[in-house]
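What follows is a short report on a single structure.
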């Protein structure tokens, strides 16, 4: 007989497929409403996730009132539910949708970086809708790869990868990423990595919002190994549920040759950018576990 854990994973898969069915069948506004309603219920019953989100936000905004903290926390859950709706609806995403619903800012920075012929490391965070951002970039014709943490359940992982692949995003599994990333970069392609949460427990400790935490080495290490420019980019949800894809200038950094120092210093350069975006859009930062060490 299957274990309880295996049965739970199968249930998760069927929940995702049912969510996709609703997202593709019902009008978008209705699906958003249902998702936000369910997220509100989950917020009240998911004690651990709610406590973690509040604790993380309290580090970022130590002086806000408890009422403000609760308001932002609820918005985190609602916006994440909408993020899933958007992910489930990739089948409906085309150039017409992009032109109507997504404001594109500073795509020229991608073009300028690719013109150097050394590839591009696209830096983002668990903010806004990074999955949608990758799909939009691929749909615009850029050679785009993402490094993704595989789901433990094979069916769930295949579902998520199929959603990405169907729109031109090529997936590199975390844990097997280094060689594939280097190959893509040397072919003057773009590789996207999230730079705000370390899943390996081997990250670099940095001061983030005044507290120590682990940052993943991937974006900085890949740039230093290949000479590729790091270009930050974020897909942000607007109040009317349209989006803005905002691309920042390629980072300016001159290595010293001291590998450990260069790695730490480069991470410090872009962690400031991530801090700035999270501070501006805290209700769109989706981290449901305690983030800081100690």
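In table form, for the structure just shown:
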read-out: All positions within the stretch 95-130 that are free of Cβ contacts under 8 Å to residues at least 60 places away in the same chain and under 29 Å from residue 287 (Cα atoms); value: 97, 98
read-out: Of all residues making up the stretch 102-122, the number that are more than 20 Å from the chain's Cα centre (by Cα), surrounded by fewer than 14 Cβ atoms within 10 Å (Cβ to Cβ) and not in a helix (DSSP H, G or I); value: 3
read-out: Considering residues of the stretch 264-280 that are farther than 18 Å from residue 211 by Cβ and surrounded by fewer than 17 Cβ atoms within 10 Å (Cβ to Cβ) only, the residue modelled with the highest pLDDT; value: 280
read-out: Condition met for residue 152 (under 28 Å from residue 21 (Cβ atoms) and surrounded by fewer than 20 Cβ atoms within 10 Å (Cβ to Cβ)); value: yes
read-out: Test: residue in the stretch 220-232 that is out of contact with any strand residue (DSSP E or B) (no Cβ under 7 Å at 6 or more places or on another chain) and surrounded by fewer than 17 Cβ atoms within 10 Å (Cβ to Cβ); value: yes
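This table checks each residue for (1) farther than 22 Å from residue 155 by Cα; (2) part of a helix (DSSP H, G or I); (3) modelled with pLDDT of 95 or more.
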residue	(1), (2), (3)
2	no, no, no
14	no, yes, no
22	no, yes, yes
49	yes, yes, yes
55	yes, yes, yes
84	no, yes, yes
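Per-residue answers, yes or no, for (1) free of Cβ contacts under 8 Å to residues at least 60 places away in the same chain; (2) within 22 Å of residue 208 (Cα to Cα); (3) surrounded by 14 or more Cβ atoms within 10 Å (Cβ to Cβ):
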site	(1), (2), (3)
39	yes, no, yes
45	yes, no, no
63	yes, yes, no
88	no, no, yes
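The values are calculated or read from the model by the stated rules, or taken from the named source; none is laboratory data. This structure is a prediction, so every number in the text was calculated from the model and none was measured. When we count neighbours, we look across all protein chains shown, and the Cβ atoms used for this are built from the backbone with ideal geometry, even at glycine.
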